[in-house]
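Below is one structure, written out as structure tokens; comments come after it.
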Amino acid sequence: MNKSDFRYQLYINILKEELVPAMGCTEPICLAYAAAKARHVLNAKPDRVEVLASGNIIKNVKSVIVPNTNGMKGIKAAVAVGIIAGNPDKALEVIANVTPEQKKETETYLKSTPITVKHVNCQDQLDVTIIVHSGGHHADVRICGFHTNIVHIEKDDEILFQCESVSKPSKKLTDRSCLSVAGIIDFADSVDIDDIKETIGRQIQYNKAISDEGLKNDWGANIGSTLLKYYGDDVKVRARARAAAGSDARMNGCELPVIINSGSGNQGITVSMPVITFAEEYKISDDRLYRALVVSNLVAIHQKTRIGRLSAYCGVVSAGCAAACGIAYLLGESLNVIEHTLSNAVVTVSGIICDGAKASCAAKISSAVEAGILGYYMYKNGHQFEAGDGIVGCDIEDTINNVGLLGSIGMKETDTEIIDIMTK
């Protein structure tokens, strides 16, 4: 794929749109961003706050620690710190620079200010409205579709901004229908490294740092360090452990930023750390590592395009299986091997549910990366799952489409039950 191919710039744009920094789990950060923006519009500290949220937002915020809140969890904490200390110009790093005084003020504000939360049934799985009140005035900010996509701003019943494509806000993003596994490999083979160096290089730097922190200190359930303690130091174990360790830290309040993928920090860590670990083990060149990370990132995005950003389908499954594709590419494998690696992997672990962001995400990451690596070694050993076996399609694009249908449509009722269980 040369630069004159229309897909070339689209692939570059997709990487730049998706691989952005975020501090903390992206769903509470989405709430903090909306709250910070609402306070800015109101131009006053609210004395009352209403939160209207889709089920998947509630699910993904309920149990995760919000950074820079002295260990607080949940929707109200995310909203409060956004109001008190959020900088809406920083988007997904909205609460990256909270002072100790602002942390204390957030705790006081939570105790003294009514914040109500209402679960609303809506078309999009990611949908948040923050309504702030002060002195007879109010301001509303709604985010829909993806974590920073503001579609409505209102103050005192005057609409200040309205997106006409609320039902399909992803129109703001580059059309992902140009992606295919074959196209991704072609792009990775030919991309000018200078066109991706900043984007991919930042992912390596940020995600290694939070992974190292997760292994060094006591975070969450310590899945990463547990793997290394009991499973050994083989590269296949380290690949799982370093990915899991990043999540250990991130889900439990670590204030280091990550580079996300498909709107998720856990997915961003999962697509990158296993590939980086294999590159270090086999002393692979930086050039090849960058290209391999292009593969893992874009394969993950390709899968998630069909599934959606939030669903009952655990997103790290897509990321862990994509990481194995990146590992296969890193080690010089052909398109055929990479396609079968992905097919073998996704049909093994596609049943893992998403029951919200929390400490156990790290264990799911470990399982997904393990399935991805197994899928690779299966095909290297001459074995594969055949077309027609369960959800395996006639080719890799057919299989990805089948998984997308499973995650986006087939698991809707599962999602409803999960949310009901978590909100009882």
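No lab work stands behind these numbers, since they all come straight from the coordinates. This is a predicted model, so every value here is computed, not measured. Because the Cβ atoms are built from the backbone with ideal geometry, glycine has one as well, and the counts that use them run over all protein chains shown.
Here is the link list: Lys16/Lys380; Lys229/Lys364; Lys16/Lys229. Which ones come out longer than 27 Å on Cα distance? The partial results should precede the final answer.
Numbers: Lys16/Lys380 33 Å; Lys229/Lys364 18 Å; Lys16/Lys229 37 Å.
Listed pairs above 27 Å: Lys16/Lys380; Lys16/Lys229.
Once Lys and Arg get +1 and Asp and Glu get -1 on their Cβ, which of Pro114, Cys144, Pro28 lies farthest toward the positive end of the dipole of the range 1-154?
Looking along the dipole axis, the top candidate is Pro114.
Please work out how much length the chain gains when fully extended from Lys103 to Glu417, using 0.36 nm per residue of separation minus the C-alpha to C-alpha distance, in nm with one decimal.
Values: separation 314, 0.36 × 314 = 113.04 nm, distance 3.50 nm.
The span from Lys103 to Glu417 would gain 109.5 nm if fully extended.
For the range 199-307, with the dipole built from +1 on Lys and Arg beta-carbon atoms and -1 on Asp and Glu ones, taken about the Cα centre, which of Asn217, Ala245, Val295 lies farthest toward the positive end?
Result: Val295.
Quick one: which of 405-411, 32-38 comes out on top by average Cβ neighbours within 10 Å, and what's the full order, highest first?
Numbers: 405-411: 17.7, 32-38: 28.4.
In descending order of packing, they fall as 32-38, 405-411.
Is the range 15-101 rounded, prolate or oblate when judged by the Cα gyration tensor, a ≥ b ≥ c being the square roots of its eigenvalues, rounded requiring a/c under 1.5 and prolate requiring a/b larger than b/c?
Working: a/c = 1.31, a/b = 1.14, b/c = 1.14.
In terms of gyration-tensor shape, rounded.
Going Cα to Cα from Lys424, which lysines come in below 22 Å? Please leave out same-chain ones fewer than 8 positions away.
The reachable lysines, counting only those whose Cα sits under 22 Å from Lys424, are Lys59, Lys62, Lys73, Lys76, Lys118, Lys358, Lys412.
What does the charge count around Glu17 come to, taking other residues whose C-beta lies under 12 Å from its C-beta (Lys +1, Arg +1, Asp -1, Glu -1)?
Details: positive: Lys16, Lys172, Arg176; negative: Glu18, Asp175.
With Lys, Arg at +1 and Asp, Glu at -1, the neighbours total +1.
Could you give the dipole magnitude of the range 174-423 about its Cα centre, charging the beta-carbon of Lys and Arg +1 and that of Asp and Glu -1, in debye to the nearest 20?
Roughly 520 debye, rounded to the nearest 20.
Can you list the HN-Hα couplings for the range 109-119, worked out from phi with the Karplus curve (6.51, -1.76, 1.60; θ = phi - 60°), rounded to whole Hz and with x for Gly and Pro?
Rounded to whole hertz, the list is 4, 4, 6, 9, 10, x, 10, 9, 10, 10, 7.
222 nm [θ] for the chain, helices only, -39500 (n - 2.57) per DSSP H run of 4+, per residue, to 500? Write down the numbers at each step before the final one.
Working: 16 runs with 232 residues, N = 424.
Rounded to the nearest 500, it is -18000 deg cm²/dmol.
Note down the magnitude of the dipole of the range 26-171 about its Cα centre, charges +1 on Lys and Arg C-beta and -1 on Asp and Glu C-beta and zero elsewhere, to the nearest 20 debye. Walk me through the intermediate numbers first.
Working: 17 positive and 16 negative charges, 97 e Å.
Dipole of the range 26-171, to the nearest 20 debye: 460 debye.
List the aspartates and glutamates whose Cα sits under 17 Å from the Cα of Lys3, skipping any in the same chain fewer than 8 residues away.
Asp186, Asp189, Asp192, Asp194, Asp195
Among the aspartates and glutamates, select those whose C-alpha is under 15 Å from the C-alpha of Lys172, and discard any that sit fewer than 8 residues away in the same chain.
Leaving aside aspartates and glutamates fewer than 8 places away in the same chain, those within reach of Lys172 are Glu17, Glu18, Glu164.
If you place +1 on the Cβ of every Lys and Arg, -1 on the Cβ of every Asp and Glu, and leave all else neutral, what size is the dipole of the chain about its Cα centre, to the nearest 20 Debye? The partial results should precede the final answer.
Numbers: 43 positive and 50 negative charges, 195 e Å.
I would put it at about 940 debye.
Quote to one decimal, in nm, the extra length available between His383 and Gln9 on full extension: 0.36 nm per residue of separation minus the C-alpha distance between them. Write out the running numbers ahead of the final one.
Numbers: separation 374, 0.36 × 374 = 134.64 nm, distance 3.63 nm.
This chain segment gains 131.0 nm when fully extended.
Where the eigenvalues come from the Cα gyration tensor of the chain, what are the semi-axes √(5λ) of the equivalent ellipsoid, largest first, in whole Å? Write out the running numbers ahead of the final one.
Details: eigenvalues 258, 102, 80 Å².
The answer is 36, 23, 20 Å, longest axis first.
Once you have the Cα-Cα distance between Ser408 and Lys16, take 0.36 nm times their residue separation minus that, and quote the gain in nm to one decimal.
On the way: separation 392, 0.36 × 392 = 141.12 nm, distance 2.48 nm.
That pair, Ser408 and Lys16, stretches by 138.6 nm at full extension.
Report the one residue of Val51, Gly82, Met72 whose Cα lies farthest in the direction of the positive end of the charge dipole of the range 37-92 (charges on C-beta: Lys and Arg +1, Asp and Glu -1; origin at the Cα centre).
Selected residue: Met72.
Just to be sure I understand the model, the point goes 7 Å from the Cα along the line to the Cβ. What's the resulting Leu335 to Asp89 distance in nm?
Placing both labels 7 Å beyond Cα along the Cβ direction yields 4.6 nm.
Tell me which trypsin sites (Lys or Arg not before Pro) from the range 266-351 have a DSSP coil assignment and no more than 10 other beta carbons within 10 Å of their own.
Qualifying residues, ordered by number: Lys283.
Hey, what did the chain get for relative contact order, percent, Cα under 8 Å, at least 6 apart? Can you show the working numbers first?
Values: 911 pairs, mean separation 72.9, N = 424.
Taking the mean separation of contacting Cα pairs over the length of the chain, I get 17 percent.
Rounded if a/c is under 1.5, else prolate if a/b beats b/c, else oblate: with a ≥ b ≥ c from the C-alpha gyration tensor eigenvalues square-rooted, which is the range 250-370? Don't skip to the end; give the middle numbers.
Working: a/c = 1.89, a/b = 1.31, b/c = 1.45.
Since a/c reaches 1.5 but b/c is at least a/b, the shape of the range 250-370 is classed as oblate.
May I ask you to evaluate 6.51 cos²θ - 1.76 cosθ + 1.60, the Karplus curve with θ = phi - 60°, for each residue of the range 325-330 and list the ³J(HN,Hα) values in order in whole Hz, giving x for glycine and proline?
Once θ is set to phi - 60°, the couplings for the range 325-330 become 5, x, 5, 4, 5, 3 Hz.
Classify the range 174-423 as rounded, prolate or oblate from the Cα gyration tensor: take a ≥ b ≥ c as the square roots of its eigenvalues, call it rounded if a/c is under 1.5, otherwise prolate when a/b beats b/c and oblate if not. Display every interim value, and only then the final one.
Working: a/c = 1.38, a/b = 1.03, b/c = 1.34.
It is rounded, given that a/c, with a ≥ b ≥ c, falls under 1.5.
Given H placed on each backbone N at 1.01 Å, which residues far from Ile260 in sequence or on other chains put an amide H within less than 5 Å of it?
Placed amide hydrogens put Val20, Ala22 under 5 Å from Ile260.
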